[in-house]
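J.: Input: one structure, supplied below.
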Amino acid sequence: MRSLADLRRTFAGPGRLEWIGLRPERKAPLVPVPRAEIGPEGLTGDHGRSGKRAVTLIQAEHLPVIAALVHRQEVPPDVLRRNLVISGINLTALREFGLRIGSVRLEVTAPCAPCSRMEAALGRGGYSAMRGHGGWCCAVVQSGWITQGDAVALEKG
């Protein structure tokens, strides 16, 4: 029988980078891009914070959940103001190991809590809909380039 430690490092396969968005300035609409450079301070061209919040991620599978909770057909990723949308791998399960996207290595540092602007962006109940589904903040361990469609995988074995 496999140990719990082994099971925690086992995933069905790699995830996929579905979407990349840059926030050129505070409160400005996100700009979707097919490719981006990630340096020690985060995504080049993004106004976001450096350090433990340099890059923000959200689970693609949570977008329909958030939409359902605010009674919408869909919620486009740019509305949620996260840099990267990842599908096919559980980001919560990756948090203790870190992840690799393209040539970039990220350390998952903390949940990315929703801000009060989600109420305006999503309508009544938007803030509460995002709770538990807001994604993750990451620090950059290794800089490099990412491209939409890149595999997302466990960093540490």
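The values are calculated or read from the model by the stated rules, or taken from the named source; none is laboratory data. What you see is a predicted model; the values in this text were computed from it and never measured. Glycine gets a Cβ as well: all are built from the backbone with ideal geometry, and neighbour counts include every protein chain shown. Please note that ligands, DNA and RNA were not included when accessible areas were found on the heavy atoms of the full protein model with its side chains. Shrake-Rupley method; radii C 1.70, N 1.55, O 1.52, S 1.80 Å.
J.: Which whole-number value in Å³ per residue fits the convex hull of the alpha carbons of the range 25-157? Intermediate values should be presented prior to the final figure.
T.: Values: hull volume 13.2 nm³, N = 133.
So the per-residue hull volume is 99 Å³.
J.: Could you check which residue among Gln142, Gln59, Gln73 shows the biggest mean-square fluctuation in a GNM of the chain with a 10 Å Cα cutoff?
T.: Residue with maximal mean-square fluctuation among Gln142, Gln59, Gln73: Gln73.
J.: Can you give me the solvent accessible area of Thr44 with a 1.4 Å probe, rounded to the nearest 10 Å²?
T.: 80 Å²
J.: How large is the Rg to Rh ratio of the range 1-62 when both quantities use alpha carbon positions and Rh follows Kirkwood? Present the calculation step by step, with values, prior to reporting the outcome.
T.: Working: Rg = 15.8 Å, Rh = 14.1 Å.
When Rh is taken as the Kirkwood radius, the ratio is 1.12.
J.: Can I ask one more? Taking K and R as +1 and D and E as -1, what net charge do the other residues with C-beta under 15 Å from the C-beta of Leu122 add up to?
T.: The answer is +3.
J.: Grab the Cα-Cα distance for Val33 and Trp145, subtract it from 0.36 nm times how many residues apart they are, and report the gain in nm with one decimal.
T.: Details: separation 112, 0.36 × 112 = 40.32 nm, distance 1.22 nm.
So the extension gain works out to 39.1 nm.
J.: Which percent of the Cα-Cα distances in the range 40-105 go past 15 Å? Let's see the in-between values first.
T.: Details: 1282 of 2145 pairs.
Roughly 60 percent, rounded to a whole number.
J.: Please give the net charge around Ala153, taking every other residue with its beta carbon less than 12 angstrom from that of Ala153, where Lys and Arg add +1 and Asp and Glu add -1. Walk me through the numbers before you get to the answer.
T.: Numbers: positive: Arg9, Arg16, Arg100, Arg105, Lys156; negative: Asp150, Glu155.
It works out to a net charge of +3.
J.: Ok, one more. From the phi of every residue in the range 39-52, what ³J(HN,Hα) in whole Hz does the Karplus formula 6.51 cos²θ - 1.76 cosθ + 1.60 yield, where θ is phi - 60° and glycine or proline is x?
T.: Per residue, the Karplus-derived 3J(HN,Hα) values read x, x, 8, x, 6, 5, x, 9, 7, x, 7, 9, x, 5 Hz.
J.: So what's the net charge close to Gln59: Lys and Arg +1, Asp and Glu -1, counting the other residues with Cβ under 13 Å from its Cβ? Can you show the working numbers first?
T.: Details: positive: Arg16, Arg82, Arg95; negative: Glu18, Glu61.
It works out to a net charge of +1.
J.: While we're looking at this one, here's another question. At R0 = 30 Å, how high is the FRET efficiency between Ser116 and Arg2 if r is their beta carbon distance? Nearest 0.05 is fine.
T.: On the way: r = 44 Å, r/R0 = 1.46.
Calculated value: 0.10.
J.: Can I ask one more? State the antiparallel share, in %, of DSSP beta bridges confined to the range 22-157, rounding to the nearest 5. Walk me through the numbers on the way to the answer.
T.: Numbers: 22 of 25 bridges.
In the range 22-157, approximately 90 percent of DSSP beta bridges are antiparallel ones.
J.: Under a 10 Å cutoff between Cα atoms, tell me which one of Gly132, Gly98, Gly21 has the largest fluctuation in the Gaussian network model of the chain.
T.: Gly132
J.: Same structure again: If the elastic network links every pair of Cα atoms under 10 Å, which of Ala139, Ala120, Ala60 fluctuates the most in the Gaussian network model of the chain?
T.: Ranking Ala139, Ala120, Ala60 by mean-square fluctuation puts Ala120 first.
J.: What GluC sites (Glu not before Pro) in the range 21-88 are in a loop by DSSP, with at most 16 other Cβ atoms within 10 Å of the Cβ? Walk me through the numbers before you get to the answer.
T.: Values: sites: Glu25, Glu37, Glu41, Glu61, Glu74; in loops: Glu25, Glu41, Glu74.
The qualifying sites are Glu25, Glu41, Glu74.
J.: Which trypsin sites (Lys or Arg not before Pro) does the range 70-132 hold that lie in a coil by DSSP with at most 13 other beta carbons within 10 Å?
T.: Values: sites: Arg72, Arg81, Arg82, Arg95, Arg100, Arg105, Arg117, Arg124, Arg131; in loops: Arg72, Arg81, Arg82, Arg95, Arg124, Arg131.
Counting only loop positions with at most 13 other Cβ atoms within 10 Å, the trypsin sites (Lys or Arg not before Pro) in the range 70-132 are Arg124, Arg131.
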